[in-house]
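J.: Here you go, one structure.
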Protein chains: 2
Amino acid sequence: MLDPSEPRIASPAPRQARGAASLSTGESRPRVVIVGGGFGGLHAARALAGAPVRVTLLDRHNYHLFQPLLYQVATASLSPGDIASAIRWVLRGQQNVEVLLADVTAIDPENRRVLVASPAEAGHGSASIAYDYMILASGAAHAYFGHTEWEKHAPGLKTLDDALVMRRKMLLAFEEAERQVNPDAQRRLLTFVIVGGGPTGVELAGALAEIARHSLRHDFRRIRPESARIVLVEGGPHLLPAFPEPLRVEARRALEHLGVEVRTGSIVTNVDEQGVMWRPDLRRARDRHESGRGKAAAGPQAVEERLYAATVLWAAGVAASPLGQSLGVPLDRVGRVPALPTLQVPGHPNIFVVGDLCALAQDGQPLPGVAQVAMQEGAHASRNVLRAMRGEPLEPFRYRDYGIMATIGRGSAVGEVYGVKISGWTGWLFWLFLHIFWLIGFRNRVAVLSEWAWAYVTFQRRVRLITGTDRTDGLFH
Amino acid sequence: MLDPSEPRIASPAPRQARGAASLSTGESRPRVVIVGGGFGGLHAARALAGAPVRVTLLDRHNYHLFQPLLYQVATASLSPGDIASAIRWVLRGQQNVEVLLADVTAIDPENRRVLVASPAEAGHGSASIAYDYMILASGAAHAYFGHTEWEKHAPGLKTLDDALVMRRKMLLAFEEAERQVNPDAQRRLLTFVIVGGGPTGVELAGALAEIARHSLRHDFRRIRPESARIVLVEGGPHLLPAFPEPLRVEARRALEHLGVEVRTGSIVTNVDEQGVMWRPDLRRARDRHESGRGKAAAGPQAVEERLYAATVLWAAGVAASPLGQSLGVPLDRVGRVPALPTLQVPGHPNIFVVGDLCALAQDGQPLPGVAQVAMQEGAHASRNVLRAMRGEPLEPFRYRDYGIMATIGRGSAVGEVYGVKISGWTGWLFWLFLHIFWLIGFRNRVAVLSEWAWAYVTFQRRVRLITGTDRTDGLFH
């Protein structure tokens, strides 16, 4: 049993093993609690290496996930182990850090505590952890524009489990189509809709198109995977809104070249077991005509359109972690915490917020929810914590933009790096290099590189395994 | 919707794509239905390559699993993708084979049909597939000696999902122990019991001991993973009963050297959320004294003994697939089908049974339930099918024994190959070579070899990821 009183969790049980010294003698040093082991939290922890603090990193999962490659797990190119590492393994050498698998339920700024649900009690009962400084890096989850009922029909992509659910749903659709001989049912099973035209949606659509056109090509006897219909639906006027115009156009061209139907300016109005419904965004008719093939894409459907699809994947809205709500400060539209330039939470000088949960503008532009921002903010927050400890003035955060990229299937990518626009094969190679380079853990780099080399040469995806306890039930309803 | 009438499933929809010809023109050729894509079924299918038959292979999973390495996925050394390949990928080049993901519910020998549950209908409604010849290779599942209620506390190891459940349970125990400061609860969380002293149990115990002693060593701040207690419980007098005496003794020595407590002659009487209970098998007291350290191991407990353990893993009894029951022939004690020497089912000349579901004796000895036997039986059954088609007399099956092996943790194995006993490091290298050699798919071989090289040099297990929708709930109850 866990005893809710603070010491049980906050002060380590004395232990004489290697490396324990730093902890058992460290009671006097201030405790920094980091909530979240994503890019923000992990880089915050690393920036505190060797500092005279006791760091406690809390995460709901035991792994740090390299999110930019998550879609590759969802599309059966990589194994979960290729893009994730146990957080405590990543930080094993940093003796002033302890990692706890814990589900943070709320923050109590008045008493300087975070409340965690205790797995030992499975829900009922909870414990709390005291902090002197807190770095809140709990990120964001995918949101369904208030239609939570859509989630069970259109899984999103934030965790490894999400990715495995997507993979299962997608592969099962082909398997079921092979068993199915009713042409309508078969067509529905071979129709895939991706909602959301951001990087995740674009990358999912590209990868899905390749699976159908290439990877599965010789595997079936009754269906032609090449005939699968892949539709990318985006509410806004453009794909990749964060990208400069030429790259957006290039991305769309590349997707359409792969046989993906792109429907911009189309607002999803319903998702159910049959498929999706959307209507054109009339306010945006004008913009649509600007973007080259927009008109064609908008085409006939002036009214609501229904598409029968067994597989709908969600890559649209995000909502910030609900933990922001317990801070008692006004949040922005998507629930993010508006931070001071120092990354502090207004009114809570010892709470810092970083990553997707942090709303911060720079030169009038809101900072995007990308890994680079989270990493830089995490490290900056930690440096400000140390400044605060030394009584020095805190410094404002300044984001250094190294660029943005997205891949479109095999051997093609678009991006702008250091202001230079790159696309096509060069872009893809560059994207590959960058992502390998940023992957945590040498081992993963080697593994992922070899996977990619193999997949590139053979068109094959090695990890086309359908796992998960409910292999089939309910997936086609 | 699936229509229950046979043609819907049995005869392929006409298709003009590459390779379809062989099917659309093949209606006249006899249909061979293979149930199960394990070692037996896969090798049966391969032995029919190029033969004038239409082969339909049915499996509940879409992957062929290299079972001998499954414990390595359970103990976080390998990823699911390393030891499994999509069945239709493995057989993609064999144009007379079609692979269907289907849950076979029963066999109807009178009408020569197999009944499959239709995922499209999620349970209600089913379809059937006609056959001229059937090769039944549905294998075996783990059994709980009639105590099905034990399963939720002591997961077994037959599928990839089983392995991921085991991995999660094991890793979560360490995570929870780190959060826990109640010494009794901590001790319970750091106690691991493996039930069953066959190869799977021995390999699990060895791998678990290494994780605790080496892999996790530097990762925790409050617990000492090295202090974990690992107990291997076996009802019989010896570990590895199928192995020759010297190797059994060697295996036990190696396990105890790794710090595993071995309890032979101990019969499990209960498994619940608290742990396990067992009693010494008195009938076998005599044998226990023979086996070297048996006496010490048996030690004080003359009566029932309770061990508090959060993690109990099941590697004991097996029960043959229930499909045997629908054949209407008498089955043996564990539900296996006693086959004729030709591998035919008595009274059903066109049904062959192979692998773990097949009960066959050779020179008075029952053939063991190992991959080698299944592979050879599968290929032999197919050759007999072709003989039957040609009106030739069928030939009796003869098993060629190449040997048996088991690994005990890192760099140690015991085995007998071509009558030569090998153990220790040589044994391990040989084991490694053999298993790499037999792995399906070149890609997997490279991946697995590199994983092993890495793990061997660094003691690290890369894929220590806790996945699964219920990360924590109920695992410690």
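The values are calculated or read from the model by the stated rules, or taken from the named source; none is laboratory data. Since the structure is predicted, the reported quantities are computational estimates derived from the model, not experimental observations. Positions of Cβ are generated from backbone atoms using ideal geometry, with glycine treated the same way; all protein chains shown enter the neighbour counts. Ligands, DNA and RNA are stripped out before the accessible areas are found, and what is left, the full protein with its side chains, is counted by its heavy atoms. Shrake-Rupley method; radii C 1.70, N 1.55, O 1.52, S 1.80 Å.
J.: Hey, which of these cross-link pairs are over 30 Å Cα-Cα: B:Lys152/B:Lys421; A:Lys158/A:Lys421; A:Lys169/A:Lys421?
T.: Numbers: B:Lys152/B:Lys421 38 Å; A:Lys158/A:Lys421 28 Å; A:Lys169/A:Lys421 35 Å.
Distance filter (> 30 Å) returns B:Lys152/B:Lys421; A:Lys169/A:Lys421.
J.: How much of the calculated P(r) for the stretch A:389-436 lies past 18 Å, in percent of all Cα pairs?
T.: 42 percent
J.: While we're here: Output the direction-averaged projected area (hull surface divided by four) of the convex hull of the alpha-carbon atoms of the stretch A:106-242, in nm². Don't skip to the answer; put the middle values down first.
T.: Values: hull surface 52.2 nm².
Over all viewing directions, the stretch A:106-242 projects a mean Cα-hull area of 13.0 nm².
J.: Let me ask something additional. Enter the per residue convex hull volume of the stretch A:304-409, computed from alpha-carbon coordinates, in Å³ rounded to the nearest integer.
T.: Numbers: hull volume 17.9 nm³, N = 106.
In the stretch A:304-409, the Cα convex hull volume per residue is 169 Å³.
J.: Just need the Rg to Rh number for the stretch B:35-96, please, alpha carbons only, Kirkwood Rh.
T.: Numbers: Rg = 13.1 Å, Rh = 12.5 Å.
Result for the stretch B:35-96 is an Rg/Rh of 1.04.
J.: Name the GluC sites (Glu not before Pro) in the stretch B:298-389 that are in a loop by DSSP and that have at most 16 other C-beta atoms within 10 Å, would you?
T.: On the way: sites: B:Glu304, B:Glu305, B:Glu377; in loops: B:Glu304.
Qualifying residues, ordered by number: B:Glu304.
J.: Trypsin sites (Lys or Arg not before Pro) within the stretch A:379-444: which are DSSP loop residues with at most 13 other Cβ atoms inside 10 Å? Present the calculation step by step, with values, prior to reporting the outcome.
T.: Values: sites: A:Arg383, A:Arg387, A:Arg390, A:Arg398, A:Arg400, A:Arg410, A:Lys421, A:Arg443; in loops: A:Arg390, A:Arg398, A:Arg400, A:Arg410.
Answer by residue number: A:Arg390, A:Arg398, A:Arg400.
J.: Now for a separate question. Looking at the axis that maps chain A onto chain B, which chain A residue has the closest Cβ, and how far off is it in Å, rounded to a whole number?
T.: Axis relating chain A to chain B; nearest Cβ residue and distance: A:Ser79, 2.
J.: Placing unit charges on C-beta atoms (Lys and Arg positive, Asp and Glu negative, everything else neutral), compute the dipole magnitude of the stretch B:38-100 about its Cα centre in debye, rounded to 20. Mind dumping the intermediate values first?
T.: Values: 5 positive and 3 negative charges, 33 e Å.
With Lys and Arg at +1 and Asp and Glu at -1, about 160 debye.
J.: Output needed for the stretch B:201-257: three equivalent-ellipsoid semi-axes, defined as square roots of 5 times the C-alpha gyration tensor eigenvalues, in descending order, whole Å.
T.: For the stretch B:201-257, the ellipsoid semi-axes come out as 28, 10, 8 Å.
J.: I need the Debye-formula profile for the stretch B:311-356: one equal scatterer per C-alpha, no solvent, reported as log10 I(q)/I(0) at q = 0.15, 0.17, 0.22 1/Å, two decimals.
T.: Taking Cα atoms of the stretch B:311-356 as identical point scatterers yields -0.42, -0.51, -0.74.
J.: I would also like to ask the following. Based on the Kirkwood radius over alpha-carbon pairs, what is the Stokes-Einstein translational diffusion coefficient of the stretch B:122-183 at 20 °C with 1.002 mPa s viscosity, in µm²/s? Let's see the in-between values first.
T.: Values: Rh = 15.9 Å.
D = 135 µm²/s.
J.: On to the next question. Compactness ratio of the stretch A:179-291: Cα Rg over 2.2 N^0.38 Å, N = residue count?
T.: 1.14
J.: I'd like the interface area for chains A and B: accessible area of each alone minus the complex, both sides summed, 1.4 Å probe, protein heavy atoms only. What is it in Å² to the nearest 100? Show your work: numbers first, answer last.
T.: Working: alone 21550 and 21580 Å², together 35720 Å².
Looking at A and B, the buried total is near 7400 Å².
J.: Which three numbers, in whole Å and largest first, are the semi-axes of the equivalent ellipsoid of the stretch A:60-120 derived from its Cα gyration tensor as √(5λ)? The partial results should precede the final answer.
T.: Working: eigenvalues 163, 50, 21 Å².
The answer is 29, 16, 10 Å, longest axis first.
J.: Residues of the stretch B:157-182 losing 30 Å² or more of accessible area relative to the isolated chain, 1.4 Å probe, heavy atoms only?
T.: Those residues are B:Asp161, B:Glu175, B:Glu176, B:Glu178, B:Arg179, B:Gln180, B:Val181.
J.: Next up: State whether the stretch B:379-458 is rounded, prolate or oblate according to the following rule on the C-alpha gyration tensor (a ≥ b ≥ c being the square roots of its eigenvalues): a/c under 1.5 gives rounded; otherwise a/b larger than b/c gives prolate, and the remaining case gives oblate.
T.: Verdict is oblate for the stretch B:379-458.
J.: Let me ask something else. How big is the stretch B:57-166 in terms of Cα radius of gyration and Dmax, in angstroms?
T.: Spelled out, the Cα radius of gyration and Dmax of the stretch B:57-166 are 16.3, 47 Å.
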